[in-house]
Every structure is written in C-alpha cells, then in structure tokens.
Amino acid sequence: MSIRQLFGSPNRRTIISNLFLLPIFIALNCNFIFGQTSDIATNKQIDAIFSKYNSKTSGVAVAVLKDGKVVFKKGYGTANLEYEIPISTKTIFNIASVSKQFTAFAIYLLEKHGKFSLEDDVRKFIPEIPDYGKTIKINHLLAHTSGVRDQAALMSVAGWRAGEAVTTEDILRVISRQKELNFEPGTRFLYSNSGYILLAEIVKRVSGQSFSEFTKKNIFKPLEMNDTQFNDDHERIIKNRAESYELENGIFKKKALNDSSVGASNLYTTVEDMAKWALNFESPKVGDAELIRRFNEPSLLNNGERVVWAANGDDIGYHAKGQIHWNYRGTKQISHGGHTAAFRSSFWRFPEQRVAVIVLSNDEHFEQVKNVTEIADLYLKNLKPDLNSTSAPATNKTPESSNADLKNYEGRFYNDELETVYTAKIVEGKLILFHIRHGEIALNDAGNDKFTGRIGFPVEIEFIRNENGQVTGFKISNFGAKNVRFEKMK
C-alpha cells in the first residue's frame, strides 16, 4: 500500500496533518512486515521438521491454532502410495485412541440431559456384563479404573491377529465371558479399550441410535465437522481416506485395518475438523462451559485421589476422560495420542496459552512426541527449561533361578472364557507354546515357574502347581489382561 493510496492525493490543506499520520503508517506497515516474516520463518521450521516426507513416502497433516484461529495448516507426504495421492489438510485419517474423548463427550451430553448418572451401574444398561460382586460404574469406564480386561489384550491371547475384521459384537461376546476383573473397580488405573467400547454401547442403547449416528447428529454436524465419522463398517467407502504404511527393509507396506468396532477407536477425521473440535473447548457450540469444565477435570479413584496416567520425571500426568493433563515446562498441557495399524495421531492443547497442535500421520514410524513438541515450542511462550529430557539407563533383570526341569511344564492347557488351547512342549531344549493360529511361541526363562514371550503383545506366563507340586495350569498376563487362567487338560 502506498502513501497516496492511504491518504489520497495531497493538497496544501491536508499535507501537514498527513505528515503527522506518516509515522503511524510506517509503524503499522513495519508490524505487518515483521509479523509476516515471523510467520514465514515459523512455517519454514515446520517444513524442516517434516522434510523427510515426499511423494514416495507416507506422511503427516498438521494444523496449529493460536488465540482462537488456525495459524498453520499443511500436508506432507502421500496419502495413497499406489495412486500417488498427496496428503492435504482435508485428508482423512483414523485417529485411534484420540477417538476416546469424543466417546466420553457423548456420555457427558446424555448425562447433561438426564439420561443417566455417571454413578450408575454399567449392568443397568448392558446386563450381559457378568456380576463380579463389585459395581462397575460409568465413571469407572471413563477413568480406566473399571478393572475390565482390555479386548485387544484378550483377543490376541484367544488367537486373533492384527488386521483381522472385528466388530463391537465380537468384543462384547468376549468381554461378557470373562469371569474375573483385573482389580476391584475404582481402586487403580489400567488402560482398557474395553471400557470405551462399553461406553459407546451405552450411548447406543440409551439414545436408540447407532453410536455413529448419535455422534454425527449431536457433535460433528453442529460443529460442521463434515469430514468426521465413527466408522462401524470397515467395508464402507470413505472418500479422501489415507492408507497406513510401515517401512520394512526399505519398502513401504500397507498395514491392514478392518475394524468395525467404535468407541475406543475408529474415528476418521481431518486436521481441519479437529481444529473445530479444539475451538469448541474455548467457545462451546456443543455442550456448554460448565460441561466442558467438568469434562476437563481429572478423573478420580474411589478414595478421591486423582487418577495418575504416568509420570515423567517430576511431572505427573493425570487422566481426564480420554485426555491427559501434563505440566509442560511450566504451562498446562491437555493431550492424547493414538496408534492403530500404522496410523498415529496427536491432539495437544495448551489452554493457558490458547495454543493447540494437531498432527495426524499414516506413518508407523512417525515420531509423535518429538515432532509435536518441536511444533508446540515454536508457538508457546515463557517455557521453563526441559528438566525431564534424560531417561534412566535400562537395566537387565536376570531370573532369580532358572526353571530346571522343563518336562514339568509340558501339556495341553485350556481357557473356557476364550475357548482357547495352548500346548507347551520342549523344542531343542527350550520350552515353547503352540497355538493353532499363532504357531510356535518362544518362551524366555524368568525363573520360579515364570516365563516371558510375545503373543501379539509381550506376555508373562506363570505356571500353577497344586499342593503336591504338580503343574495344574498357568496364568497369562499382558498390558491389559491380568491372570487369564488356563487349566491343564487330562
């Protein structure tokens, strides 16, 4: 803009007053120029973070919000390598466990309208859940304190493999057959996808709509999140959907995702739509300020203590209904990540500084925490030094004593909750488990009747003996299912 354009044609009557306005014009234009330069510099820094992505690789989509506005959005890499379709900010990704906060929000909307209390017994709505003698409340499901065994943890032990088609009905059948909980409800935290499957089922049964329909009508449509949906049919065509890829020995391979279950995962969305979700926390269009305040509060155990998600040095993360509260270098961070197939997602909010960072990826090896932190640091102010950047050295535990006579452990073992059989046998001097679908599973000696191995996920196996010292069974435990008991068959 020129001085003539700003002030008009000068004449003798206006020239003096215009001279007074000239410094203001210069200041305004300098601020505009320097602001633009700063944005360009920041954009280049983000470009540098993702410089490895191109037309021959998978990639990411990024959106950043500051002070209620989207200040950056861009795609890097390729959504579909077979057809060389680039990633844009309208590319649709599966956001995995970031889905959970939408499931929790749906519960809060129904609770606000008086459909139930968060203190209600889950069996009031899903009576096929076994009576364990202890009440599992809706609040327990929201907080991952229910003790309900994780469905992925159970189904891997049962013989299901990654990428197989699975429905909510499949999962409900498995959950409803379990005879034990991991622990007494409300007494501790243990991540459980099953809990959020049950929450989605409660929404379905109470509302009379499918979970996908309810969330579309009551969350996505009001927020104009037009490219967002919970996918309860893995065969459905979703336009602009990214495929997920893993790089193996220099070659990209597709990682299958045939999931039709909803609630714990399986929300498909874009960074542009997630930006609208982030803004709803500041200026609610769905829900209201009081609902969001309660929604953001950390979950509680039965004794009133906050639910601890994890600790990072001196920083403790507290769980809050599909979100985690952290203190990030002196500023509040509310975030969650997700991972399914090769999709990886990150949704980080910094409410005190009115910053949000959204990164969605179809790259199995995407460095979520590192890259998202690098972006956030470009927009956050007055950060304290990072005191948690170092980690303790790994230690190798050696077994207290080896399991000398492996013959004791041989036999066939059955679990009726999963209708599953494992055969333990010695092969070349080592104990292995054999499963009809998993094949041979190598076991590592951990001493004292214990072994470790991998059945989909890392597992610990402890053999059980009777009063005569004879092996009568074993217990399998993994990240989300504890003490799944197998009896020795005669």
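Numbers below:
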quantity: Fully extended contour minus Cα-Cα distance, from Leu291 to Glu428, at 0.36 nm per residue; calculated: 43.2 nm
quantity: The chain, helix-only ellipticity at 222 nm - DSSP H runs n ≥ 4, -39,500 (n - 2.57), divided by all residues, nearest 500; calculated: -8000 deg cm²/dmol
quantity: Ranked packing of 318-325, 280-287, 435-442, most packed first, by mean Cβ within 10 Å; calculated: 318-325, 280-287, 435-442
quantity: Of the DSSP H helices in the chain, those whose Cα atoms cover at least 30 Å axially and whose Kyte score averages -0.5 or more; calculated: 15-49
quantity: Rg followed by Dmax, in Å, when the chain is reduced to its Cα trace; calculated: 26.9, 113
quantity: Distance-filtered residues of region 463-478 - backbone nitrogen under 17 Å, label point 7 angstrom along Asn408 Cα→Cβ; calculated: 463-475
quantity: Length released on extending from Asn303 to Tyr191, taking residue separation times 0.36 nm less the Cα-Cα span; calculated: 38.4 nm
quantity: Among beta bridges that DSSP assigns inside the chain, antiparallel share in %, nearest 5; calculated: 95 percent
quantity: Subset of Lys134/Lys482; Lys44/Lys239; Lys137/Lys482 violating a 25 Å alpha-carbon distance limit; calculated: Lys44/Lys239
quantity: Sequence-separation-based contact order of the chain, relative, with Cα cut under 8 Å and 6+ spacing, percent; calculated: 16 percent
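Throughout, read-outs are computed from the coordinates displayed, never taken from laboratory work. Since the model is a prediction, treat every value here as computed from it, not as a measurement. Because the Cβ atoms are built from the backbone with ideal geometry, glycine has one as well, and the counts that use them run over all protein chains shown.
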